[in-house]
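Enquirer: Dropping the structure in here first, questions after.
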Amino acid sequence: MRAAGFDAIRSFSTQTMNILHVIGARPNFMKAAPVYKALREIGGFSQTLVHTGQHYDERMSGIFLRELGMPSPDVNLQVGSGSHARQTAAILERLEPVLIERTPDLVLVYGDVNSTVAAALVSAKLGISVGHVEAGLRSFDRAMPEEINRILTDALAGLLFTPSEDGNENLAREGVPKEKIHLVGNVMIDTLLQLLPLAEDRYPGLARRFGLSDYALVTLHRPSNVDDDRTLGNIFRTLREISREIPLLFPVHPRTGQRLERLGAPADARLRLAEPFGYLDFLALEQRARMVITDSGGIQEETTFLGVPCLTVRENTERPVTVRLGTNVLVGQDMACLAAEARAILAGRSKKGRLPPLWDGHAAARIARALSGKSQATFPHRMAAITS
Ligand code: UD1
Ligand code: UDP
């Protein structure tokens, strides 16, 4: 099948280009918001927002759309939770009629979650151009479900917007033609820069509420860390050990919450468990933390930007620039290493990072400029052929 890309985009510069964004899980929202805004500002686009419903709790979804100033989604596919196959299949099945009805010129997908790959697949099969925001990242670890999503999405996309040079290198190695790749920088940092002043206003209230002054922040949700009781138990014991030296605040992802409950891991005043925070509260807490212990992808980037030491409980990262240039240290699942690195940070021996190029708040504007320099893509014949 010929990949739907700019090679297949016809020129209709006077017409409005119809873009359909697909979002679904927490890290999608902060990536899509600046792109949506940049396209609105530059003009010449009509935009549709489809939420797959992969994440659905107020604290995993609704709060982000509001805080990020996104409109309510035009469509919510309400797929909910399930195995990878069920969730992916539900998105394929429910998104297809939406695409057929709305005939977008381009579908934009974000990051590496199941919603990303499912939307890319159904679009490409309909002959609709796919743009991937945050393309080219690779952990080279296919045990990680997101790595499969990244590879497949990039193979299907005709437009690949990369956050850093390593993304371009990975895509080149996979044989992706240069003209499909646009190095635009990191859209998450656009959101961070826009909302940091608002987030800073939240800090005094949070500090009072949680009794914080000097603290570290923790997030964990990777299946490789939380799905196995022994692994999660080991991590939790190490967190407790670290909490004797610095209080920890741990907003708990729902996947992790279920596992911790099963494990009966007790919290206490120095290891505080909390509901997941909204974007503004989390950013405020992240900025003031002595360190962040995490397995999140986005948080590795945000801490690098904020200059906050980050200990990543993973053997590898698809964001190597945060280790090479930033404040990130991979500790893997070696708990002695986690404890030692935490102690080093508390003793003042933390990694001083610097900013990766193009993490400057203008990544979404670069995407908008790239798109407005192109033209409307329409595949009516192909779509008719497939659906008839
Ligand atoms: C998903 C993404 C992961 C991303 C993470 C961000 C995939 C394969 N994984 O992982 O890449 O880092 O989101 O947070 O796409 N649940 C709720 N409420 C919700 C959503 C989920 O209770 O609103 C619970 C359900 O029990 C569900 C579990 O969390 O089974 C996991 O949700 P799921 O979306 O399948 O994967 P995440 O672990 O959230
Ligand atoms: N985040 C948040 N509240 C929390 C934890 C994380 O707003 O309680 C934000 C965080 O600032 C970052 C994004 O969620 O912008 C990262 O999402 P997540 O860790 O769920 O997914 P990943 O990046 O690992 O795919």
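Enquirer: Test GLY158 against the criterion of being more than 17 Å from the chain's Cα centre (by Cα), loosely packed, with under 14 Cβ neighbours inside 10 Å and either at pLDDT 95 or above or within 22 Å of GLY326 (Cβ to Cβ) (or both), and give yes or no.
Expert: The answer is no for GLY158.
Enquirer: Please count how many residues of segment 223-232 are free of Cβ contacts under 8 Å to residues at least 40 places away in the same chain and part of a helix (DSSP H, G or I).
Expert: Total meeting the criteria: 4.
Enquirer: Which one is surrounded by the most Cβ atoms within 10 Å (Cβ to Cβ), of the residues in segment 112-134 that are among the small types (Gly, Ala, Ser) and part of a helix (DSSP H, G or I)?
Expert: Ranking the candidates gives ALA119 first.
Enquirer: Keeping to segment 246-268, report how many residues are more than 11 Å from ligand 2 (Cβ to nearest atom), closer than 24 Å to GLU302 by Cα and either touching a Lys or Arg at 6+ places or on another chain (Cβ under 8 Å) or among the basic types (Lys, Arg) (or both).
Expert: 3
Enquirer: If you take the residues of segment 135-150 that are assigned to a helix (DSSP H, G or I) and either more than 16 Å from ligand 2 (Cβ to nearest atom) or touching a residue at least 60 places away in the same chain (Cβ under 8 Å) (or both), which of them is nearest to MET17 (Cα to Cα)?
Expert: ARG150
Enquirer: Filtering segment 233-245 down to residues that are under 17 Å from ILE345 (Cβ atoms) and free of Cβ contacts under 8 Å to residues at least 60 places away in the same chain, which residue is farthest from ligand 2 (Cβ to nearest atom)?
Expert: Looking at the filtered set, the residue picked out is ARG244.
Enquirer: Cβ contacts < 9 Å: first residue on the phi < 0 side of the Ramachandran plot and away from ligand 1 (no atom under 11 Å from the Cβ), restricted to segment 246-262; second residue among the β-branched types (Val, Ile, Thr) and part of a loop (DSSP other than H, G, I, E, B), any location; separation 6+ or different chain. Result?
Expert: Cβ pairs passing all conditions: LEU260/VAL252.
Enquirer: Turning to a different aspect of this structure: Please specify each residue of segment 280-316 satisfying the condition of being polar (S, T, N, Q) and within 12 Å of ligand 2 (Cβ to nearest atom).
Expert: GLN287, THR294, SER296, GLN300, THR303, THR312
Enquirer: Condition (residue is more than 21 Å from LEU371 (Cβ to Cβ), of a type in the set (A, V, I, L, M, F, W, C) and away from ligand 1 (no atom under 15 Å from the Cβ)) applied to segment 173-185: is it met by at least one residue?
Expert: Scanning segment 173-185 turns up no residue that is more than 21 Å from LEU371 (Cβ to Cβ), of a type in the set (A, V, I, L, M, F, W, C) and away from ligand 1 (no atom under 15 Å from the Cβ).
Enquirer: From the set of residues in segment 37-58 that are touching a strand residue (DSSP E or B) at 6+ places or on another chain (Cβ under 6 Å) and within 12 Å of ALA368 (Cα to Cα), which is surrounded by the fewest Cβ atoms within 10 Å (Cβ to Cβ)?
Expert: The extreme case among them is PHE45.
Enquirer: Residue under question is GLU275, and the condition is that it be acidic (Asp, Glu) and within 15 Å of ligand 2 (Cβ to nearest atom); does it hold?
Expert: In short, yes.
Enquirer: Take segment 60-85 and flag every residue that is near ligand 1 (Cβ under 10 Å from one of its atoms), more than 22 Å from VAL187 (Cβ to Cβ) and surrounded by fewer than 18 Cβ atoms within 10 Å (Cβ to Cβ).
Expert: If the condition is that a residue be near ligand 1 (Cβ under 10 Å from one of its atoms), more than 22 Å from VAL187 (Cβ to Cβ) and surrounded by fewer than 18 Cβ atoms within 10 Å (Cβ to Cβ), then GLY80, SER81, GLY82, SER83, HIS84 are the ones that fit.
Enquirer: Consider ALA89 carefully, then state whether it is touching a residue at least 60 places away in the same chain (Cβ under 8 Å) and aliphatic (A, V, I, L, M).
Expert: Spelling it out, it is not the case that ALA89 is touching a residue at least 60 places away in the same chain (Cβ under 8 Å) and aliphatic (A, V, I, L, M).
Enquirer: Six or more apart or on different chains, Cβ atoms under 6 Å: show the pairs whose first residue is in segment 164-192 and free of Cβ contacts under 8 Å to residues at least 40 places away in the same chain and whose second is of a type in the set (S, T, N, Q).
Expert: ASN168/THR162
Enquirer: Considering every residue within segment 364-385, establish whether at least one is more than 14 Å from THR303 (Cβ to Cβ), assigned to a loop (DSSP other than H, G, I, E, B), at pLDDT 95 or above and not acidic (Asp, Glu).
Expert: Within segment 364-385 (the criterion being more than 14 Å from THR303 (Cβ to Cβ), assigned to a loop (DSSP other than H, G, I, E, B), at pLDDT 95 or above and not acidic (Asp, Glu)), the answer is no, since none of the residues qualifies.
Enquirer: Which residues, counting only those in segment 114-136, are touching a Pro at 6+ places or on another chain (Cβ under 7 Å) and hydrophobic (A, V, I, L, M, F, W, C)?
Expert: Of everything in segment 114-136, just one residue is touching a Pro at 6+ places or on another chain (Cβ under 7 Å) and hydrophobic (A, V, I, L, M, F, W, C), namely ILE128.
Enquirer: Could you please find all residues in segment 201-243 being buried (at least 16 other Cβ atoms within 10 Å of the Cβ), among the hydrophobic types (A, V, I, L, M, F, W, C) and at pLDDT 95 or above?
Expert: LEU206, ALA216, LEU217, VAL218, LEU220, VAL226, LEU232, ILE235, PHE236, LEU239, ILE242
The values are calculated or read from the model by the stated rules, or taken from the named source; none is laboratory data. Just so it is clear, the model here is predicted, and its values are computed rather than measured. Please note: Cβ atoms are built from the backbone with ideal geometry, for glycine as well, and neighbour counts cover all protein chains shown.
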